[in-house]
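Structure first, commentary second.
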Amino acid sequence: DEAKKMLGVFLAIDGNNTTQIKHMRRIAEEWADKVRVGHLTRFDAWTAFNTTVMKTLEYPLLALTLTEEECNSIMAPVISGGLSNMGICRAMARSLVYGPLKNQGLGINKLFTTQGILHVRELINHIWRQTETGKLLQTSIEYAKLEIGTRGSLFKLNYDLFGHLCEETWVKHLWKFIFESGIEIEDDVEDFKFTREND
């Protein structure tokens, strides 16, 4: 359960994200402190927000399985400290903070949504191209189907009904995100064979 830093991300063999969450929160707090005591213009604060801290926080997301609450906790110092320095009310409704520009929002990427989109993109990319990572993902999908005891596309199953039957894995986390977001992905992973009639 002890995380080690690999390619800039703290990963533990058992899949816990505790060390990485603390690291990301510390980055967010340090950035907010520096912006608060610095003498940046509103434009410079906005530029720093988009080009420094957000890129740093988004970098490890592909390897992580953070919950929405964990993502919000990481972003809290950045949003509250950064908005006021950009000339924006820090108490602004979060639906507006994360809302698209065309709907009068700020267009800030929500960390949890960014993580989910990265996971979907890489699943499709690696399985379609049949990379080594794609083969590992396919194996993980097959294993999840065996655990649940069902056939057909894993990502079309109701997560609320079957999710508790699976171990906590990257694929399970992706399945939950897809289900809750209303995204449809149909996998063509071959179904396991029944070992006897009426199994």
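The values are calculated or read from the model by the stated rules, or taken from the named source; none is laboratory data. Please read these numbers as outputs of a predicted model, since none were measured by experiment. When we count neighbours, we look across all protein chains shown, and the Cβ atoms used for this are built from the backbone with ideal geometry, even at glycine. Surface accessibility is based on the protein's heavy atoms, side chains included, excluding ligands, DNA and RNA. Shrake-Rupley method; radii C 1.70, N 1.55, O 1.52, S 1.80 Å.
Assorted remarks:
- For the chain, a crude dipole built from +1 on the beta carbon of Lys and Arg and -1 on the beta carbon of Asp and Glu, taken about the Cα centre, is about 1000 debye to the nearest 20.
- Distant-in-sequence amide H partners of THR67 (H built 1.01 Å from N, under 5 Å): none
- Counting only protein heavy atoms and a 1.4 Å probe, the stretch 65-157 has 52 square angstrom of accessible area per residue.
- Per principal axis, descending, Cα span of the stretch 1-86 in whole Å: 44, 24, 19
- Once divided by 2.2 N^0.38 Å, the Cα radius of gyration of the chain becomes 1.21.
- The residue list THR18, LEU64, PHE49 was ranked by how far each Cα lies along the charge dipole of the stretch 1-64 toward its positive end, using unit charges on Cβ atoms, and PHE49 comes out on top.
- The stretch 1-48: GluC sites (Glu not before Pro) in DSSP coil with no more than 16 other Cβ atoms inside 10 Å: GLU2
- Fluctuation leader among THR169, THR56, THR131 - the chain, Gaussian network, Cα springs under 10 angstrom: THR131
- Long-range amide H partners of ILE183 with built H, under 5 Å: none
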